[in-house]
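Okay, structure first, notes after.
The values are calculated or read from the model by the stated rules, or taken from the named source; none is laboratory data. Being a predicted model, the structure only gives us computed values, none of them experimental. Positions of Cβ are generated from backbone atoms using ideal geometry, with glycine treated the same way; all protein chains shown enter the neighbour counts. Just so you know, the surface numbers come from the protein's heavy atoms only, side chains and all, with ligands and any DNA or RNA stripped out. Shrake-Rupley method; radii C 1.70, N 1.55, O 1.52, S 1.80 Å.
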Amino acid sequence: MTDTIVAADVIVTSPGRNYVVLKITTADGVVGWGDATLNGRELSVASYLRDHVCPMLVGRDASRIEDTWQLLYRGAYWRRGPVTMAAIGAVDVALWDIKGKTLGQPVYQLLGGAVRDRVLTYTHASAWDTPALLDAVDARREQGFRAVRAQSGVPGLDTVYGVHRDVAGYEPASRGAGPVEETWDTAAYLRHAPRALQAVRDHVGPELALLHDAHHRLTPQQAARLGKELEPVDLFWLEDVTPAENQEVLRLVRQHTTTPLAIGEVFTTVFDCHQLITEQLIDYVRTAVVHAGGISHLRKILALAEVYQVKGAPHGPSDVSPVSFGASVHVGLATYAFAIQEYMGYPDLVHEVFPHSWSYGDGYLHPGDAPGVGVELDEALAAKYPYEPAYLPVARRLDGTLTDW
Ligand code: EZ4
Ligand code: CO
């Protein structure tokens, strides 16, 4: 089974937000789609692909997925990093898509078949004050969600990342030149978050899985304290308590709390999380198909995780396109060490631009049985929405120092 790649093209489209799409075409006319979206840095991945990777792909055998991965990873000499790994991830997913279409099988069958009937998912409920947060959680329960990430505002602050005072919905990146600056005060957050989350738990009762994202803002000591204080809330997980470049600090957090920990949406390879996994410093690894080198590399991370009873829980915000979201659901259906998939939903227009076989229902996802990944791009519709500059916000402490957010 060989099929020569005859074209590799990059499409940047912005149906409400920017997505970078890779289209690989074979001599047999099979088209594979990949996602290379890197929020706020989209054009750098588009250039990495267009200027350096696409010319290398033309003439190669599309069936050699692993060899192509090794070529792009080892062949570049320079290692890791989100731009490189998102580009490799896009190629990898597009080649899995082609292989599935060529064999007439959905990708999850090529990964060994389903290990579960459906993939548990969680979504977001965000609101500024606690009564509005309770309403937002209720609205998510009415949509069938069995797991909800709750984020609220902080009294005394004007802004909190991803939580809007009056706008419904969640879109942290803002259009225009340069990032919006927000203000952050960890002390105020630590006073408020346990109360807000306890109010949610009291409101929903014991069964609903509750999650919370601290978004890399805390010191190890603060993280340990928050984890301990949140134990009565019985969180499914507390996410990104510290900036995890320094993996050792999680030991301190672990020593003090049984609150489950999730980390890894910014990690791009197994080398970024092997210590967290092998020392069991986390419970869930959040590496995403798109940012961690595609289906092939995510599966390797999850194979290591399985040995240490750590589970995959891939990042799935609105900035992950429906292409790699679908790929992630295939991995979820076919991978034992997989717990839950984040799903924020997409506006109607995004569903139109990316027709897909994956579906949501009753708190679960399924990748569908279309051959390949099962997500296409409506190129004519996509062309109507050209790239628009957009940036994630940044945050400063009360004294003006830039801080993690
Ligand atoms: O900050 O998608 O768990 N989800 C998150 C997201 C990420 C954005 C970054 O692009 O933390 O809000
Ligand atoms: Co997160």
What dipole magnitude, in Debye to the nearest 20, does the range 5-105 give about its Cα centre under +1 on Lys/Arg Cβ and -1 on Asp/Glu Cβ? 220
Quick one: which residues, 5+ away or cross-chain, put their amide H under 5 Å from the amide H of Thr4? H built at 1.01 Å from N. Ala27, Asp28, Ala62
Area of Leu349 that stays accessible when all protein chains are in place (1.4 Å probe, Å², to 10): 50
Crossing angle, helix 322-334 versus the chain [Cα axis fit, 0-90 degrees, rounded to tens]: 80
Any chance you could look up the accessible area of Arg397 with a 1.4 Å probe, heavy atoms only, rounded to 10 Å²? 110
Just the number, please: carbon plus sulfur as a percent of the accessible area of the range 12-64, 1.4 Å probe, no ligands or DNA/RNA counted. 50
Per residue value of the accessible surface for the chain (all protein chains in place, 1.4 Å probe), Å²: 39
Can you flag which of Lys228/Lys311; Lys228/Lys300; Lys300/Lys384; Lys101/Lys311 are past 26 Å Cα-Cα? Lys228/Lys300; Lys300/Lys384; Lys101/Lys311
Return the aspartates and glutamates within reach of Lys99: Cα separation strictly under 16 angstrom, same-chain partners fewer than 8 residues apart disregarded; answer none if there are no such residues. Asp3, Asp28, Asp61, Glu66, Asp67, Asp369, Glu376
Using alpha carbons only, how many degrees (0 to 90, rounded to 10) separate the axis of helix 130-142 from the longest principal axis of the chain? 40
Quick one: Cα centre-to-centre distance for the range 214-236 and the range 358-405, in angstrom? 27
Ignoring ligands, DNA and RNA, what percent of the 1.4 Å accessible area of the range 110-372 is carbon and sulfur? 50
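Would you rank Phe271, Phe145 by solvent-accessible area, highest first, keeping every protein chain in place and using a 1.4 Å probe? Don't skip to the end; give the middle numbers.
Numbers: Phe271 100, Phe145 15 Å².
Highest to lowest solvent-accessible surface, that is Phe271, Phe145.
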Degrees between helix 65-74 axis and first principal axis of the chain (Cα, 0 to 90, nearest 10): 70
Could you order His274, His315 so the one with the most accessible surface comes first? Probe is 1.4 Å. His274, His315
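What is the chain's relative contact order, in percent, from Cα pairs under 8 angstrom and six or more apart in sequence? Intermediate values should be presented prior to the final figure.
Numbers: 927 pairs, mean separation 90.0, N = 405.
Computed over the chain, the figure is 22 percent.
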Amide H to amide H, which residues 5 or more places from Ala390 or on other chains are under 5 Å from it, using H placed in the peptide plane? Gly176
Among Val45, Pro243, His215, the residue whose Cα sits farthest towards the positive end of the charge dipole of the chain, when +1 is placed on the Cβ of each Lys and Arg and -1 on the Cβ of each Asp and Glu, is Pro243
